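**Student:** Got a structure for you, written out below as structure tokens; questions coming shortly.
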Amino acid sequence: PVSKKAKMRDGGTDELDVCQQLLGELETHQDAWPFLKPVNPKSVPGYKKVVKKPMDLSTIREKIANKQYSCLESFTDDVNLVFDNCERFNEDDSEIGKAGHIMRRFFNKRRAELLK
Ligand SMILES: Cn1cc(C(=O)NCCCNC(=O)c2ccc(F)cc2)ccc1=O
């Protein structure tokens, strides 16, 4: 496979490669289940009022496909939005709250590794 160093040859495509690599790893993580699809406001009372900017991994996948991310930073902002929304709405010691913390730590670790 392409070496990590080569990944950071030039801005554009390489950053997009890193986004796709990271998103794939988030989607297949065992604790990703709360974040795979948009939260259904009908089945989660209060969510619509509390969470002003909903975001989830399938929406991020769609945005990548539609070339809506200009750089790794704009992609990172949406990933962080997923986990910030989660912290806002869920107790830290709840199942979904714990999954959010695990997934955020995993994302930050893998992003740092891929940028080395
Ligand atoms: C991020 N967030 C999610 C929920 C939530 O209830 N989300 C639906 C989870 C139900 N989804 C599954 O159980 C599932 C999904 C995919 C899969 F492959 C297996 C199981 C509530 C508050 C909140 O802040």
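**Student:** (1) buried (at least 16 other Cβ atoms within 10 Å of the Cβ); (2) assigned to a helix (DSSP H, G or I): which one isn't true of Glu25, the others all being true?
**Tutor:** All conditions are met except number (1).
**Student:** Condition check: modelled with pLDDT of 95 or more, closer than 18 Å to Val18 by Cβ and of a type in the set (Asp, Glu). Does Asp78 satisfy that?
**Tutor:** For Asp78, the condition - modelled with pLDDT of 95 or more, closer than 18 Å to Val18 by Cβ and of a type in the set (Asp, Glu) - is met.
**Student:** Ser58 - would you say it is open to solvent by less than 80 Å² (accessible area, probe 1.4 Å), of a type in the set (Ser, Thr, Tyr), out of contact with any Leu (no Cβ under 9 Å at 6 or more places or on another chain) and modelled with pLDDT of 95 or more?
**Tutor:** So Ser58 fails the test.
**Student:** Given the structure, is Glu73 more than 10 Å from the ligand (Cβ to nearest atom) and open to solvent by 30 Å² or more (accessible area, probe 1.4 Å)?
**Tutor:** Answer is yes for this residue.
**Student:** I'd like to know if region 7-19 contains one or more residues that are surrounded by fewer than 16 Cβ atoms within 10 Å (Cβ to Cβ) and within 14 Å of the ligand (Cβ to nearest atom).
**Tutor:** no
**Student:** Something else now. Please work out which one of (1) within 9 Å of the ligand (Cβ to nearest atom); (2) surrounded by fewer than 16 Cβ atoms within 10 Å (Cβ to Cβ) is the condition Phe89 fails and give its number.
**Tutor:** (2)
**Student:** Something else: Out of Lys42, Lys52, Lys67, report the one residue that is on the phi > 0 side of the Ramachandran plot, open to solvent by 40 Å² or more (accessible area, probe 1.4 Å) and not small (Gly, Ala, Ser).
**Tutor:** Within the list Lys42, Lys52, Lys67, the selection yields Lys67.
The values are calculated or read from the model by the stated rules, or taken from the named source; none is laboratory data. Source: prediction; values computed, not measured. Note that we place each Cβ from the backbone using ideal geometry, even for glycine, and neighbour counts take in every protein chain shown. Side chains are part of the model used for accessible areas, which takes the heavy atoms of the whole protein and leaves out ligands, DNA and RNA. Shrake-Rupley method; radii C 1.70, N 1.55, O 1.52, S 1.80 Å.
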